[in-house]
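See below for the structure under consideration.
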Amino acid sequence: GDMDPEVEAAVEGAISVFEEAGSRRSTTELPTLEEWDFPRAVPLMLQALKVHTEAGWYPDSADGYETETLLALKFAEGLPSDALETARSQLEGLKARFLRAFERADVLVLPTTPAPAPTKAEAKWDPDDTAHRPFVTRTLTRICGPVNHCELAAAAIPCGFTTTGLPIGLQIIGRTEQAVLEAALLYQSVTDWHTRRPPLPTS
């Protein structure tokens, strides 16, 4: 849904490279990234609340917290008592759906992040953002998080640059490290993105 068009084009280009190298392309239905957002956040935030509370830091020293941490802890405080159980059940369902992709494929090829590398300005906290994590954090963990939850092997390798010179990453995902590394090596044997460096700003 929120895929940057230049990222999408770079990943499509990478898939074409695999096809030209003899790989067979097939498409699969995965749970949407939005479906993962809330259930993935619940255990992380509840665990953070437990640690900070038991250490005596929160809420006693709440005025010393950064906005992001404070919002995360408040988010966890506002969750219903059955939130963890519900989230775990939802995550198991999402994991089962995600893993079905490997009934037809050795590896999945996805962007590492749905947007190119953020600038410092884009990474700044927006004071109008009331979510429990800043937009840049939500964006950068959105595709990697579900892969991590499914306990899959993954490699992130360069696959291009935006027109402004920002790097774009390709994520190769599989059930085994061997399958992932073989696919990554195949890609890098016929491309040279891994040898290039983004241009540095002149100022």
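General remarks:
- Across the protein chains, with a 1.4 Å probe defining accessible surface, the residues F38, F102 rank F38, F102 from largest area downward.
- Local electrostatic count at E19 - Lys and Arg +1, Asp and Glu -1, tallied over other residues with Cβ under 15 Å: -1
- Net +/- balance of residues flanking I168 in space, Cβ distance below 13 Å, scoring K and R +1, D and E -1: -3
- Shape call, segment 79-182: gyration tensor on alpha carbons, a/c limit 1.5: oblate
- Per residue accessible area of the chain, 1.4 Å probe, in Å²: 61
- Among 44-57, 115-128, the order from most to least packed when residues are scored by Cβ within 10 Å on average: 44-57, 115-128
- Gyration tensor (alpha-carbon) shape descriptor, the chain, a/c threshold 1.5: oblate
- Cα centroid separation - segment 138-203 against segment 56-126, whole Å: 20
- Surrounding net charge for D106, when Lys and Arg each add one and Asp and Glu each subtract one, Cβ distance under 15 Å: +1
- With every protein chain in place, the chain: carbon and sulfur % of accessible area (1.4 Å): 54
- Estimated 222 nm signal from helices in the chain, with DSSP H stretches of n ≥ 4 weighted -39500 (n - 2.57), rounded to 500: -15000 deg cm²/dmol
The values are calculated or read from the model by the stated rules, or taken from the named source; none is laboratory data. Fair warning: this is a prediction, and the values are worked out from it, not measured in the lab. So basically every Cβ, Gly included, is an ideal-geometry build from the backbone, and we count neighbours across all protein chains shown. Just so you know, the surface numbers come from the protein's heavy atoms only, side chains and all, with ligands and any DNA or RNA stripped out. Shrake-Rupley method; radii C 1.70, N 1.55, O 1.52, S 1.80 Å.
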